[in-house]
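**Student:** Please read through the structure below; I'll follow up with questions.
The values are calculated or read from the model by the stated rules, or taken from the named source; none is laboratory data. Since the model is a prediction, treat every value here as computed from it, not as a measurement. Cβ sites come from the backbone with ideal geometry, for glycine too, and all protein chains shown count toward neighbours.
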Amino acid sequence: MKKTGWIILAVVALVVLWGFSSYNGLVSLDEGVKAQWAKVETVYQRRLDLIPNVISTVKGVTKQEQDIFIKLAEARANYLNAKTSGTIDDQNSNLQLLNQTLGQARVQLLALAENYPQLKSADAFRDLISELEGSENRIAVERSRYNDTVKDYNIRIRRIPTNIIAALTGFGPHKLFEADAGANKAPAVDFTK
């Protein structure tokens with residue numbers, strides 16, 4: 001074989017190796033996005049598993065604000081339904097709406113504790129509120145990590161020449177986790193209704 005033939009064969013081999021490497025890198029990043037979303041769901045589940053305990057503890061001390069407990073229980077049931085429907089991006093949207101409802105109910109629950117000092121003295125209530133706050137912090141951390149993972153993936157599939165491999169093999173962008181509409185405003189808590 002002539003020298004030119006070997007050079008052409010070497011260039012083709014390098015292009016093929018680059019293609020395999022790019023594809024495998026995209027697979028790894030795509031799976032990283034899915035794994036990070038699973039971590040977000042895990043911390044959502046942790047928070048929702050705590051809610052029945054909060055409900056039981058608070059119900060034992062006060063009967064004044066039953067609607068808060070109903071909202072929390074409904075949100076938990078809706079979460080279990082939403083997390084099994086559609087793609088990761090669909091689940092992300094559904095869970096984001098439910099998360100807004102849970103956040104509002106949590107604020108109302110904390111306001112209830114301020115209005116009824118006997119709740120604050122209940123060690124179990126205080127511990128559970130602390131757990132809920134810890135869950136909210138974990139959720140914020142995992143959401144941030146999810147967005148970082150999605151950002152890295154989306155950058156990779158848009159960069160040349162990897163975008164060619166991504167387009168040929170069907171790798172598309174993932175949606176970032178976005179804040180709820182109105183999340184920049186504190187929710188109003190009104191117990192007069």
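**Student:** Of all helices (runs of 4 or more DSSP H) completely enclosed by segment 105-193, which ones contain at least 1 residues that are more than 20 Å from the chain's Cα centre (by Cα) and modelled with pLDDT under 75?
**Tutor:** Numbers: elements: 117-121, 123-158, 162-169.
In segment 105-193, the matching helices (runs of 4 or more DSSP H) lie at 117-121, 123-158.
**Student:** Is it the case, given these coordinates, that Gly60 is at pLDDT 70 or above and not aromatic (Phe, Trp, Tyr)? Walk me through it before giving the result.
**Tutor:** Details: at pLDDT 70 or above: no; not aromatic (Phe, Trp, Tyr): yes.
So Gly60 fails the test.
**Student:** Which one is nearest to Val15 (Cα to Cα) among residues in segment 135-165 that are in contact (Cβ under 8 Å) with a residue 60 or more places away in the chain and of a type in the set (S, T, N, Q)?
**Tutor:** Top of the filtered list is Thr162.
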